[in-house]
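Please read the structure below before turning to the comments.
The values are calculated or read from the model by the stated rules, or taken from the named source; none is laboratory data. From a predicted model like this one, the values you see are computed outputs, not experimental measurements. Because the Cβ atoms are built from the backbone with ideal geometry, glycine has one as well, and the counts that use them run over all protein chains shown.
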Amino acid sequence: KELQNETYDFIFKVVVCGDSGVGKSSLIKRFTDESFSLDLKPTIGVEFATKTIRLEGGSVLKAQLWDTAGQERYRAVAQSYYRGAVGAMLVYDTTFGSSFDKIGYWLDELEKHCPEAVVMLVGNKTDLADIRAVSIERGLGFAKEHSLLFVEASAKSATGVEDAFVQLLSTIHSQSN
Ligand code: GDP
Ligand code: MG
């Protein structure tokens, strides 16, 4: 839990995007709250959660993680959602091919609204290995082609989640100074 009078060296806004149901809210909850819930309430409007981490070099970063339930389609919401974002986590569901097919759409949105943002592609739900529909090679291939960071993760089993956020935040940090 956060301290009231916490101090930090940097504050980074990160938008978490991707199709509905891929696990955006679950990944944020896992990272900021170290928990997972099967009946997470749908996000209403735009919400954000924060988490403060200390990097290996000692810098303290406060991450502001922005989540929506799809309202970023609306121009007015999109403006406040994307404005000032220095990073983006682009999530698809490894058990659901159409969520992977939409990654290009989300990248275009990011390019339009926050072209400077560092992007981490995340293939979520790897715990559901027996119904996997998108191979790790496809994820990796897309990430390479578009120069994105890439991690597979499971918000449910906690695999890869910390790694995805910390890699993204450290990359933003190393590019910002
Ligand atoms: P969002 O719409 O992108 O925010 O997705 P949610 O976080 O609400 O998750 C959608 C559904 O997928 C929920 O039923 C979650 O419990 C489930 N879910 C999210 N992440 C995982 C995961 O890593 N593994 C499994 N098995 N289910 C997940
Ligand atoms: Mg959500």
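Side notes on the structure shown:
- Put simply, of 96, 165 the only residue that is in contact with a helix residue (DSSP H, G or I) (Cβ under 8 Å, 6 or more places away or on another chain) and among the aromatic types (Phe, Trp, Tyr) is 165.
- Taken together, the criteria exclude residue 105 from residues that are touching a residue at least 12 places away in the same chain (Cβ under 8 Å) and either hydroxyl-bearing (Ser, Thr, Tyr) or touching a helix residue (DSSP H, G or I) at 6+ places or on another chain (Cβ under 7 Å) (or both).
- Qualifying residues in region 42-58 (those that are assigned to a loop (DSSP other than H, G, I, E, B) and surrounded by 15 or more Cβ atoms within 10 Å (Cβ to Cβ)) - the one modelled with the lowest pLDDT: 43
- Per-region count, region 137-177, residues in contact (Cβ under 8 Å) with a residue 40 or more places away in the chain and within 16 Å of ligand 1 (Cβ to nearest atom): 10
Yes/no matrix, rows are residues, columns are (1) in contact with a Cys (Cβ under 8 Å, 6 or more places away or on another chain); (2) under 13 Å from residue 165 (Cα atoms); (3) within 16 Å of ligand 1 (Cβ to nearest atom):
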| position | (1), (2), (3) |
| --- | --- |
| 18 | no, no, yes |
| 28 | no, yes, yes |
| 78 | no, no, no |
| 92 | no, no, yes |
| 97 | no, no, yes |
| 103 | no, no, yes |
